[in-house]
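The values are calculated or read from the model by the stated rules, or taken from the named source; none is laboratory data. Since this is a predicted model, take the numbers as computed values, not measurements. Reconstructed Cβ throughout: ideal geometry from the backbone, glycine too, with neighbour counts over all protein chains shown.
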Amino acid sequence: MAERFGVTLQTVRRDIRLLAEAGLLTRFHGGVRVPSSTTENIAYQQREQLNDKAKRCIARAVARAIPNGCSLILNIGTTTEAVARELLAHRGLRVITNNLNVAAILSDNPHCEVIVAGGVVRSRDRGIVGEVTVDFIKQFKVDIGLIGISAIEADSTLRDFDYREVKVARAIIEHSREIWLAADRSKFHRAAMVELARLDQVDMLFTDEPPPAPFPTLLAEAGVTLNVCMA
């Protein structure tokens, strides 16, 4: 920021402090972010448009890595919906999902079998949650569990907002041979209330920019394969 605006580091630190005191920024070790709620996600329509280019880039990278003829679970999220759109040319897939938007997208692929989980449909994003959904997921063991996430914190935790959604995602992790995480750059250092998993439970992370510190170290320690997509 000092280089961008041609000011001293002391000026940047002072202005950041003033912005943080005014509630316009939240400080964390090594940087700042726009403040956001830890208890409630932003609206689906906003999430659908937020970082759309990055999500499409990530989706293409994920789709390239998914082989034909495999089984996978796609959970709730606008990033997983972007992945579904990139899978329309795949053949021989068997996809289980608790996301009605994903099911609608992939139903246009005649070479893909789509299995929709039962449960309670959330009207705001057409995600399916609840104990029935968890029990349904537990019937399967798939090759790839692809999950989206709301927040990745510097303590290595993956977090989300809805406890019911988190319980389904935990079941996906338990019943997948590999766990792939799709998360754009805005998810790093974001805060959310409910812990879903930890980085060492993830096999591969797809994102659109090299993660900020301390995540490269955390990913290496957790043995996570990092895939940074190229636009």
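Every condition in (1) closer than 14 Å to Ile76 by Cβ; (2) assigned to a loop (DSSP other than H, G, I, E, B) holds for Glu165 except the one numbered (2). Just one of the listed residues (Val132, Val121) is touching a Gly at 6+ places or on another chain (Cβ under 6 Å), surrounded by fewer than 18 Cβ atoms within 10 Å (Cβ to Cβ) and either modelled with pLDDT under 95 or in the same structural domain as Ala54 (by TED's automatic domain parsing) (or both), namely Val132. Only strands (runs of 3 or more DSSP E) whose full extent lies in segment 57-153 are considered here, and the ones with at least 1 residues that are closer than 20 Å to Leu181 by Cα, in contact with a helix residue (DSSP H, G or I) (Cβ under 8 Å, 6 or more places away or on another chain) and touching a residue at least 24 places away in the same chain (Cβ under 8 Å) are 71-74, 93-97, 142-148.
Being within 23 Å of Arg56 (Cα to Cα) and either at pLDDT below 95 or out of contact with any helix residue (DSSP H, G or I) (no Cβ under 9 Å at 6 or more places or on another chain) (or both) is a property that Met230 has. Listed by first and then second residue, the pairs with beta-carbon distance under 7 Å, at least 6 apart or on different chains, first residue in segment 219-231 and farther than 13 Å from Lys55 by Cα, second of a type in the set (Phe, Trp, Tyr) and in a strand (DSSP E or B), are Asn227/Phe206.
Whether any residue in segment 156-163 is modelled with pLDDT under 95 and either closer than 26 Å to Arg94 by Cα or not assigned by TED's automatic domain parsing to the domain that holds Glu221 (or both) is what I want to check. No, segment 156-163 has no match at all.
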